[in-house]
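See below for the structure under consideration.
The values are calculated or read from the model by the stated rules, or taken from the named source; none is laboratory data. Everything quoted here is computed from the prediction, not taken from an experiment. Using ideal geometry, Cβ is built from the backbone for each residue, glycine included, and neighbour counts are taken over all protein chains shown. With ligands, DNA and RNA removed, areas are computed over all heavy atoms of the protein, side chains included. Shrake-Rupley method; radii C 1.70, N 1.55, O 1.52, S 1.80 Å.
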Amino acid sequence: MREIRLPLSKSVVARLAMMAAVSGGKMPDPGGSEDGEVIIKALTEDGERIDVRGSGTAARFALACYGSRRGVKIVDGNEQLRQRPVGAIVKAMRSLGAKIDYLGFEGRLPVRIDGCGEIGSEVEADAGESSQTISALMLIGAGRGMRIKLKGDIVSQTYIELTRKLMEKAGVVVKSMGNVIEVHKGKFGFADEIDRDWSSAVFWYGMVAVGEEDELLLKGLKMGSGQPDERVVKFYEELGVGSKETLEGVIIHRVRTQCVGFYEDCKGCPDMVPVLAATLCRRGIRFTLCGLETLERKESRRGSIMVREMGKLGYRLEFDGEKMWWNGERCRRQGLADVADDHRIAMALIVAGAEIGNTECINKSYKGIETIWKKA
């Protein structure tokens, strides 16, 4: 049985890094992902310019962090990140007292921040753009206490809940009442251990489900972590992958099962959708995945890219902005795979059986994975 060492959860690393920035604690280990390295560097940068590369989490957390302390910073990222919205966190931080100017297009990076040392304690924030906006406000709110009123449909509520759990574990009280979150003033303590990454585990579940692997020990992975992508256990049980927690980690293995159709609401766990869709296609299982309203706002337009790339492999998918489905219709294979510089797309296409030339983008969440999955 092969042992696979997963990176640390980059979602947890990011939140602990913000806690350290807010309370002056020790920064966590980046844990085997470029995103982890980027956010730690962004929150500890002495210079004026902050380069968050392709990390949306680092961008929004840096905007909140530097908007809530005195000094001038310019936050920018790569061209891909410049296409993603940051308007919700900018608007919220402006209402709290920070002066933030767009240096390019409205609602996009780069921005210039002239922070304030005494931010407000009440804010209304758009929860429909990204859950990272709300998490960022919650984390800086511990400095003096904050009441956050959420506007619009809340996306990825599961990640807001992860933030709340980590904050309370670190000693800061957070109350949630309908569309209002109250963060009590407090100083963060820090956990000694960070959970392994369930989002990265999704790739290996896919590899087992399509028959590329038989049995794997995902070393150090724990159930009950609170990470949204732990739902992979339930989803892939239907697809013939069993999970067993041991003292060493989670063992996954193929089991006999029969699945002729698959329907799931993926709201709250959109990161697993590309690998899940690739798995279902390769297994020949018709499916509908809904709750995908945020999919087009990720590193790439993931819904549209998956339709395009799976079409090259002979699967005619459909996507309407809210759901993705495949009725079993096939088409002629054509064209070379294009991962669109998106780590989730790259991992999905590997699971789908495509040959991809450049896997470097996967380092964003899982450094060194190519060496692992190609190893006999």
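Tally time: how many residues in segment 315-342 are over 23 Å from the mean Cα position of the chain (by Cα) and open to solvent by 70 Å² or more (accessible area, probe 1.4 Å)?
Of the residues in that region, 9 qualify.
Name the residue that is most open to solvent (accessible area, probe 1.4 Å), counting only residues in segment 242-288 that are hydroxyl-bearing (Ser, Thr, Tyr) and without any contact (Cβ under 8 Å) to a residue 24 or more places away in the chain.
This residue is 257.
In segment 216-241, what residues are open to solvent by less than 10 Å² (accessible area, probe 1.4 Å), closer than 15 Å to residue 280 by Cα and not in a strand (DSSP E or B)?
If the condition is that a residue be open to solvent by less than 10 Å² (accessible area, probe 1.4 Å), closer than 15 Å to residue 280 by Cα and not in a strand (DSSP E or B), then 232, 235, 236, 239, 240 are the ones that fit.
Residue 75 - would you say it is in contact with a strand residue (DSSP E or B) (Cβ under 9 Å, 6 or more places away or on another chain), crowded, with 24+ Cβ neighbours inside 10 Å and not in a helix (DSSP H, G or I)?
It is true that residue 75 is in contact with a strand residue (DSSP E or B) (Cβ under 9 Å, 6 or more places away or on another chain), crowded, with 24+ Cβ neighbours inside 10 Å and not in a helix (DSSP H, G or I).
Could you check, for segment 360-367, whether at least one of its residues is under 27 Å from residue 2 (Cα atoms), touching a residue at least 40 places away in the same chain (Cβ under 8 Å) and in contact with a Phe, Trp or Tyr (Cβ under 9 Å, 6 or more places away or on another chain)?
Looking for residues that are under 27 Å from residue 2 (Cα atoms), touching a residue at least 40 places away in the same chain (Cβ under 8 Å) and in contact with a Phe, Trp or Tyr (Cβ under 9 Å, 6 or more places away or on another chain), one finds at least one in segment 360-367, hence yes.
Return yes or no: is residue 50 out of contact with any Cys (no Cβ under 7 Å at 6 or more places or on another chain), buried (at least 22 other Cβ atoms within 10 Å of the Cβ) and over 20 Å from residue 183 (Cβ atoms)?
Judged against the criteria, residue 50 is a match.
With the requirement that a residue be in contact (Cβ under 8 Å) with a residue 40 or more places away in the chain and either closer than 15 Å to residue 347 by Cα or of a type in the set (Phe, Trp, Tyr) (or both), what does segment 300-312 give you?
Those that are in contact (Cβ under 8 Å) with a residue 40 or more places away in the chain and either closer than 15 Å to residue 347 by Cα or of a type in the set (Phe, Trp, Tyr) (or both): 300, 302, 305, 306, 309, 310.
Pairs needed: first member in segment 33-49, hydroxyl-bearing (Ser, Thr, Tyr); second member anywhere, part of a helix (DSSP H, G or I); C-beta distance under 9 Å; at least 6 residues apart or different chains.
33/10; 33/13; 33/200; 33/363; 33/364; 44/17; 44/20; 44/21
Out of everything in segment 300-314 that is open to solvent by less than 20 Å² (accessible area, probe 1.4 Å) and charged (D, E, K, R), what residue ends up being nearest to residue 129 (Cα to Cα)?
Filtering segment 300-314 for residues that are open to solvent by less than 20 Å² (accessible area, probe 1.4 Å) and charged (D, E, K, R), the one nearest to residue 129 (Cα to Cα) comes out as 302.
Would you check which residues across segment 339-349 are in a helix (DSSP H, G or I) and either under 20 Å from residue 34 (Cα atoms) or touching a Leu at 6+ places or on another chain (Cβ under 6 Å) (or both) and list them?
Answer for segment 339-349, where residues must be in a helix (DSSP H, G or I) and either under 20 Å from residue 34 (Cα atoms) or touching a Leu at 6+ places or on another chain (Cβ under 6 Å) (or both): 343, 344, 345, 346, 347, 348.
Residues are listed down the side, and each one gets a yes or a no for (1) surrounded by fewer than 19 Cβ atoms within 10 Å (Cβ to Cβ); (2) touching a residue at least 24 places away in the same chain (Cβ under 8 Å); (3) of a type in the set (A, V, I, L, M, F, W, C):
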| residue | (1), (2), (3) |
| --- | --- |
| 120 | yes, yes, no |
| 144 | yes, yes, no |
| 151 | yes, yes, no |
| 155 | no, yes, yes |
| 163 | no, yes, no |
| 167 | no, yes, yes |
| 172 | no, yes, yes |
| 177 | yes, no, yes |
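For segment 92-120, give me the residue count where each residue is closer than 17 Å to residue 52 by Cβ, in a loop (DSSP other than H, G, I, E, B) and under 26 Å from the mean Cα position of the chain (by Cα).
6
Filtering segment 190-215 down to residues that are surrounded by fewer than 16 Cβ atoms within 10 Å (Cβ to Cβ) and among the acidic types (Asp, Glu), which residue is modelled with the lowest pLDDT?
So, considering only residues that are surrounded by fewer than 16 Cβ atoms within 10 Å (Cβ to Cβ) and among the acidic types (Asp, Glu), the one modelled with the lowest pLDDT is 192.
Please go through segment 3-19 and give me each residue that is open to solvent by less than 10 Å² (accessible area, probe 1.4 Å) and either outside any helix (DSSP H, G or I) or at pLDDT below 95 (or both), ordered by number.
4, 6, 7, 9
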